[in-house]
Amino acid sequence: MRRRHILGSLLLAPLMTACFASSGGGDSSGDGKAGSRLRVALAFPPAENLSPYGADATILSRLGVTEGLTALDANGSAAPALAQSWRQVDDRTWLFTLREATFQDGSQVTPAAVAAALGHAAEAKPAPAALSGVTLTAKADGGSGVRVTTGAPDPVLPLRLSSPSLAVLSSKAYDGKDGADPVGTATGPFELTKVTGSTAATLDRYDDYWGGRAQASGVDVRFIADGTARAGALRTDEVDVAEAVPVAQAATLDKATRKETATTRTTSLLLNSASGPFKDAQLRAAARRSVDTSALAEGVYEGYADPGAGIYGPAVTWAEGKRRQPTGRAGAATPDGTRITLATYDNRPELPEVAQVLKQQLEKAGFRVTLQVREYSRLESDALEGKFDAFVLARNTLVDTGDPLAVLASDYTCDGGYNIAQLCDKNVDRAVAEAEGVAGTAERQDAAMTAEAAILGTDAVVPLVHQRIITGVADSVSGVLLDPYERTLLGTGTRR
Amino acid sequence: MRRHVAALVWRAALAAALVCGIGLLPWLSRTDPALTVLKARSADRDPTPGVLADIRDQLGLDKGPLSLLGEWLGGLWRGDAGRSWLSGDEVAPAVLQALGASLLLMAVALAVAALTAALICARTLWLGAHRRLDGRRSGGGGSAVLAALPEFLTASVLATVVGVQLGWLPALGWYGPRWTVLPALALGLPAGAVIGRLLDDLLPGAFAEPWALAAAARGLPGRGIARQAVRRCLPGLLPNLGLFVVGLTGGAVAVEQIFDIPGLGRTTLQAALAQDLPVLQAGTLALVLLAALAAGLAALATRRLVGPALRDGALQSLHRPAPSVRSTLPFVYGGLLLLVVALGLPRDPLALDTGERLRPPSGSHPFGTDALGRDVLARVAHGALDTLLLALAIGAAALLTGVLLGLAPRLSGPLVDTVSAVPPVLLALLVTAVAGSGPATPALAVGAVAWAPLAAHTSALLRQERAALHVTATRGLGADRWYLLRHELLPAALPPVTRHALLRLPGIALALASLAFLGLGAQPPSPEWGLLLAENQPYAERAPWAVLAPAAVLALLGAIAVSAAGGVRLPRRVRRRAPEPPLEETSPAEELVGAR
């Protein structure tokens, strides 16, 4: 009988351990190298095995694994990364000059390798978001040049190439049948060594990084989707950095551990200008006037947001100085009990609260409001078809490319693919089209602000708040890169 | 043998129908899987026609649902469950790994549940073993409160207080035995409370059987008698235990999220929302197989425990020997609930004032305020009517269906297992796909699964009752089946099943609220109780009153239901059986002498 028990437990033991998740390899911390390992909790688990062509690209870029030819600087313009300089040859061709760098598998970053990497990205299906609607070919040009040609003139190509989804990987990454494999094939200061499903990942320092050796010897990443759990992990000292701490949890962290960053995310109220009561511009104006944005920023976001100023918030540093007064606004009518449906989604916990506060504000002005709150994927197609009169949306205003005009074109023009406000206005279309043709950075920004004024003039969108993101950083950690564009987090100077 | 084959065929047919239903889900509900997959992969991506076409190509969606389903089934034959539509990974290893974590969690949770149930029954066992049970009211307020506790609330409290503030046990991850304790507690406590209540309900009947009396007279130790009494009652509970095994494995979504456990519940939830059909099909199939296995084991255990007696029709009826003593407790609980509602009704549940947010209880806000500065007392009171009426209606419908289907165990047995194996969100999506998203859909979706434990309970009780001596005797006197059913079987089964249904009322209210994110059921700012709990959960640590108030009234509802259950027992006909010995008057020893 006893023997059977022993046998049983011998058989059970490996079975039991198989049922636990393997921890992301934190045991390699005492390996004698200088600098200790960082422990990071990220909010969004990889959805596509860390493929660089989808949203997972951001994870890789935030962890300092991958790099592109260019990067975004604090002012939202293109800065050198793997390319140390570039120039425009003609309106469809750019020439990038590479710096001396090596891939994490030891091979050289050659023009041919870069051209191949960009070629693979251009052929990926579905295409990376930064390349949607763009045809792009890259060719090696001499010993250190890469010539990039686009199908149509593209004045923002250097900005576009800063997108994490256009990261440069070595030829080994493309050996597999499907997609690109970033494990040990990128160029950043940290090398991805192990991925444990969608729960954890292990990074080691890449000693030959062109920008100098990173101070941390490695990173243990955990993907924790639940915001409360992330904050809890930081409080129990299980991680050193926790990204995207929810507003509701911020107060449970010490003041010194909460790092706020203004982000390019703007939460707006979109009014359906094609059908329903808000077809009437005067009612839209009435809705705009009834909204009190500071109550939202203080009352719902607990001060971790700025009241809505425009489509672009304070994180877009150049916007405030160039902002113009909205043009052609209609006078407000009295709503007089007009019934409207206000929809939003609960994937971001604050949005249902925003919607409930808005409901009260709109009802005070005379509207009668019904709320619809669903999971985002259950809501989007109805929203795009214009089934709701009003919609509360949190939108990243510098999507994918870092080009301010992309969001205006897709969200507010007649042909826009994400036009929840159903806006189709000749003046807006003209302003956006004119701006898209402008090449110089400053001029393009000016034109974008003119277009913003035209859009705000229609009252189809009411900017509510500009969100700030809260990153929890333990006291012992320094050098975390807090980035309004949410593309970086760890760098060579991050250490514990 | 033929009966077994028929049952097996029926089971297989149900599983096949379920897999086909999942395979057709996007086409039935007219939700484009390309869109949901895109949004699950990257929420910020604009769904332009080109991108959607690429995804459709990648997944082969244009081939239509039938050929996709055929391919998947063909692959399954060779042990290949396809590739995930989201990540492109192989499905089988991922689902098996998640299943492993979930099974382990379930096993530990069951141990906790067993312990909880034992504690709940301890008093009855002790009294019964020492033959002092008669005339005493069974307790149960405490266990009913425990059974009404929402898992996610227990989980949040445990994670925050024990895990973070006290730091006694790790509250995050799944790396070893120490990590299993808190999640297992959160899952096991309510489950154990339900099982304990059901067992506690049956035990007095077992202690009143002649063997117990004889054993006591013989001077057998009380411990032995108690053990035999538990053994005597277990067969009536085993089917429900089997359902718990399945429910805890696939339905622990909230607990898995809070403790960050890579289990099957989260996997299937994500797959259901993204319409990642291969993962969803494989996960559901694994759960259905587990359910069949659990049901088979339960049947086997029943046979081991009381097999010969069942065959020979030599069981006693497990009726409670005497009607419970009526007590004033339900009136106390009910009065308390009424008081809360009466105090809250004059207040405004919708008026929000963000300047007054998260205020602790005070004179002007007796229950404090929530995250938007609304009065919690007002919200609890105004939500009471909607919540209670709907939960009661669904509960009643579930009771009726459960009892009716419980009468036909061969038909309902596999159906019960299959239905309770389906993850609740998936079931809601399937119901929505069939019935559309009308106002009745959430009730249908919850009702579609609420009857299952009641049917399992009914059929288990009936099975024992059919083997009871009094039924044999009545049959011997020439009673037909109808007569037996009406006068002998149903009166025996209905009271415990009704009490069971009442015990599950709070669960129904919570299940209704858990569907809100699909756009079903109550929408904010409605003060429905489940919604109140959900919207205040993120603030549980900073403003515990905002979750405690709705949780307390829900628990109060559970306590009322259980303590009032004595009053809902059906008036039984004049006893046809030989009257049980009036235990109060005769001492066991005398009785034994008389028998000799």
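The values are calculated or read from the model by the stated rules, or taken from the named source; none is laboratory data. From a predicted model like this one, the values you see are computed outputs, not experimental measurements. All Cβ positions, glycine included, derive from the backbone under ideal geometry; neighbour counts span all protein chains shown.
Determine whether A:Thr185 is in contact (Cβ under 8 Å) with a residue 40 or more places away in the chain, under 21 Å from B:Gly88 (Cα atoms) and either outside any loop (DSSP other than H, G, I, E, B) or in contact with a Phe, Trp or Tyr (Cβ under 8 Å, 6 or more places away or on another chain) (or both). Yes, satisfied. The set of residues from the stretch A:218-271 being over 25 Å from A:Gln356 (Cβ atoms) and among the β-branched types (Val, Ile, Thr) comprises A:Val219, A:Val221, A:Ile224, A:Thr236, A:Val239, A:Val241, A:Thr257, A:Thr261, A:Thr264. Can you say whether A:Gly133 is farther than 17 Å from A:Lys172 by Cβ, of a type in the set (Gly, Ala, Ser) and either touching a residue at least 24 places away in the same chain (Cβ under 8 Å) or outside any loop (DSSP other than H, G, I, E, B) (or both), as far as the supplied structure shows? For A:Gly133, the condition - farther than 17 Å from A:Lys172 by Cβ, of a type in the set (Gly, Ala, Ser) and either touching a residue at least 24 places away in the same chain (Cβ under 8 Å) or outside any loop (DSSP other than H, G, I, E, B) (or both) - is not met.
Please verify whether B:Leu485 is surrounded by fewer than 20 Cβ atoms within 10 Å (Cβ to Cβ) and either among the acidic types (Asp, Glu) or in a helix (DSSP H, G or I) (or both), treating the condition exactly as stated. Here the answer is yes, as B:Leu485 does meet what is asked. In this structure, B:Ala155 does not satisfy being within 22 Å of B:Arg304 (Cβ to Cβ), crowded, with 22+ Cβ neighbours inside 10 Å and out of contact with any Lys or Arg (no Cβ under 7 Å at 6 or more places or on another chain).
Within the stretch A:207-254, being within 26 Å of B:Trp168 (Cβ to Cβ), outside any loop (DSSP other than H, G, I, E, B) and away from chain B (no Cβ under 14 Å) holds for one residue alone: A:Val241.
B:Leu73 meets the conditions (1) without any contact (Cβ under 8 Å) to a residue 24 or more places away in the chain; (2) surrounded by 15 or more Cβ atoms within 10 Å (Cβ to Cβ) in every case but one. The failed one is (1).
When B:Leu99 is tested against the conditions (1) more than 10 Å from every other protein chain (Cβ to nearest Cβ); (2) at pLDDT 90 or above; (3) touching a helix residue (DSSP H, G or I) at 6+ places or on another chain (Cβ under 6 Å), the lone failure is (1). Filter the stretch A:343-393 for residues that are assigned to a loop (DSSP other than H, G, I, E, B) and over 22 Å from the mean Cα position of the chain (by Cα) and give the result. A:Ala365, A:Gly366, A:Phe367, A:Glu385, A:Gly386, A:Lys387, A:Phe388, A:Asp389 - these are the residues of the stretch A:343-393 that are assigned to a loop (DSSP other than H, G, I, E, B) and over 22 Å from the mean Cα position of the chain (by Cα). Here A:Gln282 does not qualify as more than 10 Å from chain B (Cβ to nearest Cβ) and closer than 30 Å to A:Val109 by Cα. Only a single criterion out of (1) within 12 Å of chain A (Cβ to nearest Cβ); (2) crowded, with 24+ Cβ neighbours inside 10 Å; (3) more than 25 Å from B:Thr160 (Cβ to Cβ); (4) not β-branched (Val, Ile, Thr) is not satisfied by B:Gly263, namely (3). Residues that are over 22 Å from the mean Cα position of the chain (by Cα) and of a type outside the set (A, V, I, L, M) within the stretch B:369-418 comprise B:Thr369, B:Asp370, B:Gly373, B:Arg374, B:Asp375, B:Arg379, B:His382, B:Gly383, listed in sequence order.
Considering the stretch A:338-350, and only residues there that are surrounded by fewer than 20 Cβ atoms within 10 Å (Cβ to Cβ) and at pLDDT 90 or above, the residue that is farthest from the other protein chains (Cβ to nearest Cβ) turns out to be A:Arg339. Only one entry of B:Pro414, B:Pro439 meets the criterion of being outside the structural domain of B:Asn240 (by the TED database), at pLDDT below 85 and of a type outside the set (Asp, Glu), and that entry is B:Pro439. Of the helices (runs of 4 or more DSSP H) lying entirely inside the stretch B:170-276, those containing at least 1 residues that are farther than 23 Å from A:Ala200 by Cα and polar (S, T, N, Q) are B:222-250.
Would you confirm whether or not the stretch B:6-15 contains a residue that is at the interface with chain A (Cβ under 8 Å from one of its Cβ atoms) and surrounded by 15 or more Cβ atoms within 10 Å (Cβ to Cβ)?
Among the residues of the stretch B:6-15, not one is at the interface with chain A (Cβ under 8 Å from one of its Cβ atoms) and surrounded by 15 or more Cβ atoms within 10 Å (Cβ to Cβ), which makes the answer no.
Scanning the stretch A:41-97 for residues being among the acidic types (Asp, Glu) and more than 14 Å from chain B (Cβ to nearest Cβ) gives a total of 4. Number of residues in the stretch A:138-196 that are among the acidic types (Asp, Glu) and buried (at least 24 other Cβ atoms within 10 Å of the Cβ) equals 1.
So that you can scan it fast, the table gives a plain yes or no per residue for (1) modelled with pLDDT under 95; (2) polar (S, T, N, Q); (3) in a helix (DSSP H, G or I):
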residue: A:Asp415; (1), (2), (3): yes, no, no
residue: A:Asn419; (1), (2), (3): yes, yes, no
residue: A:Ala433; (1), (2), (3): yes, no, yes
residue: A:Ser476; (1), (2), (3): yes, yes, no
residue: A:Asp483; (1), (2), (3): yes, no, no
residue: A:Leu489; (1), (2), (3): yes, no, no
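You will find that of A:Val195, A:Val168, the residue that is farther than 23 Å from B:Leu38 by Cβ and either touching a residue at least 12 places away in the same chain (Cβ under 8 Å) or part of a loop (DSSP other than H, G, I, E, B) (or both) is A:Val168 and no other. Return the pairs, sorted by first residue and then second, in which the second residue is part of a helix (DSSP H, G or I) and acidic (Asp, Glu), the first residue lies in the stretch A:369-385 and is more than 7 Å from every other protein chain (Cβ to nearest Cβ), the beta carbons are less than 8 Å apart, and the residues are 6+ apart or on different chains. Filtered contacts from the stretch A:369-385: A:Val369/A:Glu363. B:Ala440 meets all of the listed conditions (1) out of contact with any Gly (no Cβ under 9 Å at 6 or more places or on another chain); (2) surrounded by fewer than 18 Cβ atoms within 10 Å (Cβ to Cβ); (3) farther than 24 Å from B:Leu24 by Cβ but one, namely (3). Restricted to the stretch A:228-249, and to residues there that are crowded, with 21+ Cβ neighbours inside 10 Å and of a type in the set (Gly, Ala, Ser), the residue that is farthest from A:Asp56 (Cα to Cα) is A:Ala248. When A:Glu320, A:Glu298 are checked against the criterion of being closer than 23 Å to A:Gln249 by Cβ and not in a loop (DSSP other than H, G, I, E, B), a single residue qualifies: A:Glu298. Taking the stretch A:363-389 as the range and being crowded, with 23+ Cβ neighbours inside 10 Å and closer than 14 Å to A:Ser290 by Cα as the test, only A:Phe367 passes. Restricting attention to the stretch B:361-409, and to residues there that are surrounded by 24 or more Cβ atoms within 10 Å (Cβ to Cβ) and among the hydroxyl-bearing types (Ser, Thr, Tyr), which single residue is modelled with the lowest pLDDT? In this case the residue turns out to be B:Thr387. Just so you know, in the stretch B:223-237 the residues that are in contact (Cβ under 8 Å) with a residue 24 or more places away in the chain and surrounded by fewer than 17 Cβ atoms within 10 Å (Cβ to Cβ) include one that is nearest to B:Gly128 (Cα to Cα), and it is B:Arg223.
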